[in-house]
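Heads up: the structure comes next, in structure tokens.
The values are calculated or read from the model by the stated rules, or taken from the named source; none is laboratory data. All values reported here derive from a predicted model rather than from experimental measurement. Ideal geometry is used to build each Cβ from the backbone, glycine not excepted, and the neighbour counts take in all protein chains shown.
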Amino acid sequence: MPGRLSFDRVAAIYDETRGLAPRAMARVLAVLVDQLQGKRVLEVGVGTGRYAVPLQKSGVRVVGVDISRKMVEFGLAKGLRDVVFADAARLPFVSGAFDVATTNHVLHLIPDWRDALREIARVTRELYFTVIERSDRVDTIKREYDALVKTAGHDWSHPGFREKDLPGVLKPDFIMPVGPFRETLLAETIVEELDRRTYSSQWDVPEDIHRGAIEPLRAKWKGKEFPLAYTLEVTFWRSGRLLEIAKAQRS
């Protein structure tokens, strides 16, 4: 089984390559602050504190868990506090220690993600949520890169399970849509991010295959823009139902 993926190697560039547009982030945070006031919140995979820092500054009590010390160092520099270094599948908290828990773009990095969900259910009394992006596009420059790499003979998949696929396994208790949003991105900026291997799926791609994918993408997208339309869904389940998700996806 593949090991856990630590983001130490991309900690310095994580925020600039993963962040939501300011308007979209502000709208999501407004929803979360309203929902989480007075709650004790656990964020598994807190990283640089993209969500935890602004929530903490808004008065929400958030405790973060992560395995990447470098990611957390960047979070601490932004004001992140209350972080524990621990394994998501072995949380060092008593049962029912939190009211609400969240993971965001984390479960796909954890081979024993079912155990992580069981642990989150154990330590959480009320709700689990994740923020899911639903795009109007089925094609992205990242998907083009992945297809080129696969055609060249390198096939790889994440060891865990993506949060955005959870609703297909178990119907959420409620969803709070935020958006829609429209952005126009410089395609060359996206290709540059790919060239820097900012995504974990790229880390083991052999250099010759990587170069063979980047070069045609540079040529295709030079000087072009990439339009994007999407809605964000703050998706909630009662925490005890995470056990149903873990059971439904048992190998």
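Scanning the stretch 197-251 for residues that are of a type outside the set (S, T, N, Q), more than 19 Å from the chain's Cα centre (by Cα), closer than 21 Å to residue 157 by Cα and part of a loop (DSSP other than H, G, I, E, B) yields 204, 205, 206, 250.
Each row is one residue, and each column tells you yes or no for (1) more than 30 Å from residue 33 (Cα to Cα); (2) assigned to a loop (DSSP other than H, G, I, E, B).
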| site | (1), (2) |
| --- | --- |
| 133 | no, no |
| 144 | yes, no |
| 160 | no, yes |
| 164 | no, no |
| 182 | no, no |
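For the stretch 77-112, the tally of residues that are aromatic (Phe, Trp, Tyr) and either over 25 Å from residue 58 (Cβ atoms) or loosely packed, with under 14 Cβ neighbours inside 10 Å (or both) stands at 1. Cβ separations smaller than 6 Å between residues 6+ apart or across chains give the following pairs from the stretch 23-46 residues that are surrounded by 17 or more Cβ atoms within 10 Å (Cβ to Cβ) to residues that are part of a helix (DSSP H, G or I): 29/54; 43/52; 46/52.
Scan the stretch 166-180 for residues that are in a helix (DSSP H, G or I) and not β-branched (Val, Ile, Thr) and the total you get is 3.
The single condition among (1) surrounded by fewer than 18 Cβ atoms within 10 Å (Cβ to Cβ); (2) under 23 Å from residue 134 (Cβ atoms) that residue 234 does not meet is (1).
Among the residues examined, residue 74 qualifies as among the aromatic types (Phe, Trp, Tyr) and either closer than 17 Å to residue 130 by Cβ or surrounded by 15 or more Cβ atoms within 10 Å (Cβ to Cβ) (or both). Of the residues screened, residue 198 is not one that is touching a Ser or Thr at 6+ places or on another chain (Cβ under 7 Å) and at pLDDT 95 or above. If you go through the stretch 65-114 and keep only what is in a helix (DSSP H, G or I) and either farther than 16 Å from residue 245 by Cβ or over 18 Å from the mean Cα position of the chain (by Cα) (or both), you end up with 69, 70, 71, 72, 73, 74, 75, 76, 77, 78, 109. Only a single criterion out of (1) of a type in the set (Ser, Thr, Tyr); (2) under 30 Å from residue 236 (Cα atoms); (3) at pLDDT 95 or above is not satisfied by residue 151, namely (2).
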